[in-house]
Every structure is written in structure tokens, then in C-alpha cells.
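Participant: Mind looking over this structure? Questions follow.
No lab work stands behind these numbers, since they all come straight from the coordinates. Predicted model only: the values in this text are computed from it and were never measured. Reconstructed Cβ throughout: ideal geometry from the backbone, glycine too, with neighbour counts over all protein chains shown.
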Amino acid sequence: MAMPPGIDSLLVMPEKVTYRSDTLAINAYLYKPVVTEADYKKKFMGNVVKEYFDNSYKELVNFFVEQKKLSAKELKEIISMIEKGNLGAGVFDTPNCQVTYDELRAKGVEFLSPPAERPYGIEAVFKDNSGNWFSLTQRTGD
């Protein structure tokens, strides 16, 4: 099965283990996640928006409205969530997280965490004036 654009095919890290009993030894691989589910969702949705909606969440929402998969009531609820700061995180890709972080801080953007190494790249987290959190991400392998 093909992976969506921008999603790394390595989602788990195999670890060789040996199970032993008095009469039998079995070599097997134990698979463990490399990234958390939340990190995977952020990266996946960020890539979907980037690849299919010109990096515009507005276009994403418009798509679902046009497809009649999002009602006017649901759209109002989303707007209310944004205004209250309850929408959750969004992802902004950048070619250089440290440089963008420095530029945004100089303009008064409040960061919750400075650039830090993550399994998927370098990330800094900031929030807008409504309290919504956003990830500023420099992806590895791009």
C-alpha cells in the first residue's frame, strides 16, 4: 500500500528478540512506534494540507463544505473553537526552524518551546492570540 505524500514509510522500529523455553528458542521481531500518535497525526495532516490544499487550512475546510461533509452548524462550531483557543494544533513547515523561530520571536510571537530535535525533524511550538497551538517544523529528509 502506498503511503500518503510526505509520510515516512518507517513508522515502527523493529527490535530483534529471542523467546526461550526449556525446549524451544524462537527468534522474532518486536515492533515499537518511532513517533507518538499525536506527532504522526500532526505530520500527516500537515502534509495533507500542504500537498492537496496549497498549504491552506481554509481550502481544506472549504473542500469539506463543498462536498457537503461539513454543515453550517459544524463550521460555526469550528470558528467558535478557534476564537476560544480550543481548536488544537496546526503545523507550519519551514526550511530552517531556528531562523524562522528567531524572526517570529523578534515580532512578538509567544513560543511555548524553542527549536528542539524530534524524530521527524526540528520543532518549535507557539500559540496565537486565541491560545491555539502551532508547530513550526523543519522536517528531516526533505
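Participant: Give me Asp39, Asp54, Asp102, Asp93 ranked fewest to most by other Cβ atoms within 10 Å of their Cβ, as a rough exposure proxy.
Facilitator: Asp54, Asp102, Asp39, Asp93
Participant: Further, regarding this structure: Amide H neighbours of Thr94 under 5 Å, at least 5 residues apart or on other chains, H built in the peptide plane: list them.
Facilitator: Thr137, Gln138, Arg139
Participant: Please find the FRET efficiency linking Phe63 to Asn96, where r is the Cβ-Cβ separation and R0 is fixed at 30 Å, and quote it to the nearest 0.05.
Facilitator: E(calc), rounded to 0.05, equals 0.50.
Participant: Suppose every K and R has +1 on its Cβ and every D and E has -1 on its Cβ; what is the size of the dipole of the stretch 38-139 about the Cα centre, in Debye to the nearest 20?
Facilitator: 280
Participant: Taking every Cα atom in the stretch 97-142, find the radius of gyration and the maximum pairwise distance Dmax, and write them in Å.
Facilitator: 10.5, 33
Participant: Taking R0 as 22 Å, what's the FRET efficiency between Asn55 and Val34 from their Cβ-Cβ distance, rounded to 0.05?
Facilitator: Calculated transfer efficiency: 0.30.
Participant: Taking every eigenvalue of the Cα gyration tensor of the stretch 38-139, multiplying by 5 and rooting it, what semi-axes result, largest first, whole Å?
Facilitator: Equivalent ellipsoid of the stretch 38-139: 26, 16, 11 Å, largest first.
Participant: Sticking with this one: Quick one: order Lys50, Lys42, Lys69 by neighbouring beta-carbon count within 10 Å, fewest to most.
Facilitator: Fewest-to-most Cβ neighbours within 10 Å comes out as Lys69, Lys50, Lys42.
Participant: While we're looking at this one, here's another question. Going by how many other Cβ atoms sit within 10 Å of their own, how do Leu70, Leu75, Leu112, Leu136 line up, fewest first?
Facilitator: Neighbour counts put them in this order, fewest first: Leu112, Leu75, Leu70, Leu136.
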